[in-house]
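Taking it in order: structure first as structure tokens, then the write-up.
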Amino acid sequence: MSGNIAEKLISCRRELHAYPELSNQEFATTEKITRWLQDAGIRMLPLGLKTGVVAEIGRQKAPLIALRADIDALPIEELSGVPFSSRHEGVMHACGHDVHTSVMLGAALLLKAREATLPGAVRILFQPAEENFNGACHLIDAGALENVSAVFGMHNAPELPVGTFATRRGAFYAHIDRFQITVTGKGAHAAKPEQGIDTIVTASQIVNALQTLPSRNFSSLESLVVSVTRIQGGNTWNVLPQTVELEGTVRTHNVKVRERVPDILTRVIDGVASAMGAEARLAWYPGPPAVVNTPFWADFSQRVAADAGYQVQEAELQMGGEDFSLYLQQVPGTFVSIGSASEFGLHHPRFNPSEQAIYPAAAYFARLADEALSALLLAQTAAPAESMG
Ligand SMILES: [Zn+2]
Ligand SMILES: [Zn+2]
């Protein structure tokens with residue numbers, strides 16, 4: 001039985017991998033997941049989603065928990081060389097969401113097999129659009145978390161060996177924000193810069209000045225990353241452009257630091273631009289908040305992982321982001337890392353996670369769901385355990 005499921009999950013993963021789809025365009029992916037769930041007799045919730053699926057297994061009017069997988073891929077040309085490489089030009093499952101989908105499909109199949117004895121219900125969220133951070137809020141708005149008492153999710157960790165599990169209490173992934181800066185000056189002939197206001201030089205000085213944002217404005221004990229990732233200006237060699245656009249991201253863990261960044265950024269860019277006679281305008285796009293694990297469920301997940309045979313580690317703080325944080329703002333739960341042993345990292349065109357990680361993770365999440373429901377049921381009959389939230 002487990003051998004059959006393990007093989008089935010690998011073949012599902014390969015089918016997803018060969019036909020990856022970008023955020024919010026996961027139509028064929030949604031159809032495949034729906035078919036696999038239907039074949040197993042698993043019921044799906046009519047949430048009216050454009051892409052993505054929410055399934056449910058177990059008894060209603062009992063404790064309910066949720067497991068989440070993300071299903072979208074990235075605009076990357078695959079170079080992994082595996083025989084089931086992407087057939088969609090320029091699109092690749094380079095973050096392993098195909099692995100996550102197979103893991104949670106496996107958990108669903110294993111839970112379905114013991115549905116009659118399950119001490120509650122498990123909702124499986126196959127979430128679209130994690131890479132552009134808007135899938136989780138779609139699912140929440142559609143009601144996917146209604147009546148859910150705890151939520152669990154995973155990301156594969158290429159730097160960890162297969163069989164390794166890591167999580168941590170409290171802060172885990174960072175707050176993610178995006179900014180754009182438009183520098184406006186006065187265009188001029190490249191031979192007569194004195195007749196214009198040079199936006200290229202101004203933008204360059206802004207990039208340099210931004211490097212002092214973490215080091216000169218915040219304690220060195222705070223985590224803060226400011227990266228400029230795009231500079232766009234000009235379209236030929238002998239004209240100074242009227243405008244230059246900069247784009248980048250700010251990553252933080254402390255919400256107070258996060259809140260202060262836009263003001264300081266504005267002060268720095270205004271100062272540099274006005275010294276050059278130019279103008280700089282900041283557009284700030286707040287992204288998903290930090291992933292903060294509930295201590296009770298972080299400990300619980302670690303204990304179940306150790307019982308399931310994983311080598312359990314304390315996860316390091318990440319500067320990456322995850323819209324799983326939005327679920328954790330609604331209900332308690334925890335996000336974990338599971339070793340996938342890829343030589344090349346996430347978002348790399350040669351990323352190639354080990355498929356040996358899939359079945360053990362599926363079995364783990366089925367077991368976690370089962371034990372979490374038992375714990376919730378116990379808490380309902382005894383005094384409510386506040387620490388679970
Ligand atoms: Zn990713
Ligand atoms: Zn990812």
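Output the residue which, of all residues in segment 172-208 that are hydrophobic (A, V, I, L, M, F, W, C) and open to solvent by 40 Å² or more (accessible area, probe 1.4 Å), is nearest to Pro241 (Cα to Cα). Outline the logic, then answer.
The first filter runs over segment 172-208 and keeps only residues hydrophobic (A, V, I, L, M, F, W, C), leaving 172, 174, 176, 179, 181, 183, 188, 190-191, 197, 200-201, 203, 206-207.
Still in the list and also open to solvent by 40 Å² or more (accessible area, probe 1.4 Å): 190-191, 197, 200-201.
Numbers: Ala190: 9, Ala191: 13, Ile197: 9, Ile200: 7, Val201: 11 Å.
Looking at the filtered set, the residue picked out is Ile200.
With the condition kept exactly as written, say whether any residue in segment 71-90 is under 23 Å from Asn147 (Cα atoms), in contact (Cβ under 8 Å) with a residue 40 or more places away in the chain and more than 15 Å from ligand 2 (Cβ to nearest atom). Lay out the reasoning, then the answer.
Step one: list which residues in segment 71-90 are under 23 Å from Asn147 (Cα atoms), which gives none.
No, segment 71-90 has no match at all.
Of all the residues that make up segment 323-368, how many are on the phi < 0 side of the Ramachandran plot and in a loop (DSSP other than H, G, I, E, B)?
Qualifying residue count, segment 323-368: 16.
May I ask you to verify whether Thr212 is at pLDDT below 95 and closer than 28 Å to Ala157 by Cα?
Numbers: at pLDDT below 95: yes; closer than 28 Å to Ala157 by Cα: no.
So Thr212 does not fit the description; no.
On the basis of being hydrophobic (A, V, I, L, M, F, W, C), under 26 Å from the mean Cα position of the chain (by Cα) and surrounded by fewer than 17 Cβ atoms within 10 Å (Cβ to Cβ), does Leu246 make the cut?
Values: hydrophobic (A, V, I, L, M, F, W, C): yes; under 26 Å from the mean Cα position of the chain (by Cα): yes; surrounded by fewer than 17 Cβ atoms within 10 Å (Cβ to Cβ): no.
In short, no.
For (1) surrounded by fewer than 15 Cβ atoms within 10 Å (Cβ to Cβ); (2) out of contact with any Cys (no Cβ under 6 Å at 6 or more places or on another chain); (3) more than 19 Å from Pro193 (Cα to Cα), each residue gets a yes or a no:
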position: Arg216; (1), (2), (3): yes, yes, yes
position: Leu224; (1), (2), (3): no, yes, yes
position: Ser227; (1), (2), (3): yes, yes, yes
position: Gly234; (1), (2), (3): no, yes, no
position: Asn238; (1), (2), (3): yes, yes, no
position: Ala278; (1), (2), (3): no, yes, no
position: Leu282; (1), (2), (3): no, yes, yes
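Scan segment 119-135 and give yes if some residue there is touching a strand residue (DSSP E or B) at 6+ places or on another chain (Cβ under 9 Å), acidic (Asp, Glu) and away from ligand 2 (no atom under 16 Å from the Cβ), otherwise no.
no
How many residues are open to solvent by 10 Å² or more (accessible area, probe 1.4 Å) and either touching a residue at least 40 places away in the same chain (Cβ under 8 Å) or within 15 Å of Ile5 (Cβ to Cβ) (or both) if we restrict to segment 108-126? Explain how you work it out, then say what you get.
Taking segment 108-126 as the starting set, the residues that turn out to be open to solvent by 10 Å² or more (accessible area, probe 1.4 Å) are 109-110, 112-117, 119, 123.
Restricting the remaining residues to those that are either touching a residue at least 40 places away in the same chain (Cβ under 8 Å) or within 15 Å of Ile5 (Cβ to Cβ) (or both) gives 109-110, 112-115, 119, 123.
Selection size over segment 108-126: 8.
Any residue in segment 30-41 that is surrounded by fewer than 18 Cβ atoms within 10 Å (Cβ to Cβ) and under 23 Å from the mean Cα position of the chain (by Cα)? So that I can check it myself, show each step before the final result.
Quick first cut of segment 30-41, residues surrounded by fewer than 18 Cβ atoms within 10 Å (Cβ to Cβ) only: 31, 34-35, 38-41.
Next cut, under 23 Å from the mean Cα position of the chain (by Cα) only: 31, 34.
Yes, segment 30-41 has at least one match.
The values are calculated or read from the model by the stated rules, or taken from the named source; none is laboratory data. No experiment lies behind these values; they were computed from the predicted model shown. Don't worry about glycine lacking a Cβ; one is built from the backbone with ideal geometry, like all the others, and counts go over all protein chains shown. Keep in mind that these areas ignore ligands, DNA and RNA; they rest on the heavy atoms of the full protein, side chains included. Shrake-Rupley method; radii C 1.70, N 1.55, O 1.52, S 1.80 Å.
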